[in-house]
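Here is the structure we will look at.
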Amino acid sequence: MNRWGKGLLIAALVGVVAMAFRVSWNALKDVATATGADETAATLYPFVVDGLMALALVATLVLTGDARRFALRVLAAYTLASLVLNYVHGLVPELHDEVVNWGRLADWDPANWALVLLATSLPVGSIYFGSDLVAKVLHHRPIEHAAPTPNQDESAETYVNRSTADLEVSASAPITPAPAPAALPAAPVVSLAKSTARAPVGAVAAESTRPRRATGRVPEVARSSRPNRTAEELLTEARKVTAKWSDRELTAEGIRKAVHTSPAKARVLRDTLRAERDRSAGPGEAAA
């Protein structure tokens, strides 16, 4: 929609709202007069009720979260109150006369008390709720960029670290050896006696007290308890584990978990076992 169409739509909306307010203003003014308001107070009474409805609607468009839900509740409550008072104005013909029986909005006493309480409490509610809504709008700070939640970080990390053992590849890609680094020039040999003689005594003492890194063999306790298995040993173990597996269960991920090996070796074992099953099933099918 172009700018001219939007302007026409807004103008039509303003006209409809103005006419609706004029209709509601007549009923609310008569109700205010019946509850004891003077001429000036009765004239301002419709602005108290319907004006807060407009304020709550604007606050609903600006606020978010709990503050927006609060503005919606205020809008709904005052809309319902205005509807009830307009309905009572249509049911009670005495409210249209110039001489009004003050404090009488219904023939049944309990209903009359409830209606008078509703009509007289709306101005006080407008003061409280209107001030609260204005304060919420003035202190509202829109959030421009939302920070990623921990769940989003965990899901992204899980996606990156997901196992690739079941990818449909026949064998692992060959690893290209890295080129050997170029020979570095030999460092110049400096005589220890000359360097010690030239350096200050305090500097040599400070360097001599520096702790050395521990070197030597790794203790047996720190070494891995699982020996390195050859390809033939892995294949033999995989044959035993997967002897009763179906072709559907024979996956690289299942083999990797069963024999505790890497995904690349698991894919090689899977292809080898499938090839053996195909060769063993071939002569039987040919004889049949």
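Could you put 74, 84 in order of accessible surface area, largest first, with the 1.4 Å probe and the full protein assembly present?
Details: 74 10, 84 50 Å².
Ranked from most to least accessible, the order is 84, 74.
Enter the accessible area of residue 230 (Å², nearest 10), with the probe set to 1.4 Å and all protein chains included.
70 Å²
How much length is gained on full extension from residue 107 to residue 121, taking 0.36 nm per residue of separation minus their Cα-Cα distance?
Working: separation 14, 0.36 × 14 = 5.04 nm, distance 2.05 nm.
Result: 3.0 nm gained on full extension.
What does the charge add up to near residue 264, with Lys and Arg as +1, Asp and Glu as -1, over the other residues with Cβ less than 12 Å from its Cβ? Before the final figure, lay out the partial values.
On the way: positive: 256, 265, 267, 270; negative: 271.
Summing Lys and Arg as +1 and Asp and Glu as -1 gives +3.
Using a 1.4 angstrom probe on the protein heavy atoms only, could you order 262, 24, 131 from most to least accessible area? List each step's numbers first, then the result.
On the way: 262 45, 24 15, 131 75 Å².
Ranked from most to least accessible, the order is 131, 262, 24.
Roughly how many Å² of residue 19 are accessible to a 1.4 Å probe, to the nearest 10?
120 Å²
Give, in nm to one decimal, the length gained when the segment between residue 275 and residue 39 is fully stretched (0.36 nm per residue of separation minus the Cα-Cα distance). Don't jump to the answer; show the numbers that get you there.
Working: separation 236, 0.36 × 236 = 84.96 nm, distance 10.00 nm.
Using 0.36 nm per residue and subtracting the Cα-Cα distance, I get 75.0 nm.
What accessible surface, in Å², does a 1.4 Å probe find on residue 256, ignoring ligands, DNA and RNA and rounding to the nearest 10?
The value for residue 256 is about 60 Å².
If you stretched the chain out fully between residue 17 and residue 57, how much longer would it get, using 0.36 nm times the residue separation minus the C-alpha to C-alpha distance? Before the final figure, lay out each step's value.
Working: separation 40, 0.36 × 40 = 14.40 nm, distance 1.29 nm.
Stretched out fully, the residue 17 to residue 57 stretch lengthens by 13.1 nm.
Keeping every protein chain in place, order 120, 60 by accessible area at 1.4 Å, biggest value first, i.e. largest first. Can you show the working numbers first?
On the way: 120 70, 60 10 Å².
Accessible-area ranking of 120, 60, largest first: 120, 60.
The values are calculated or read from the model by the stated rules, or taken from the named source; none is laboratory data. Quantities reported herein were computed from a predicted structural model and do not represent experimental measurements. Here Cβ is always computed from backbone atoms with ideal geometry, including for glycine, and neighbour counts include all displayed protein chains. Keep in mind that these areas ignore ligands, DNA and RNA; they rest on the heavy atoms of the full protein, side chains included. Shrake-Rupley method; radii C 1.70, N 1.55, O 1.52, S 1.80 Å.
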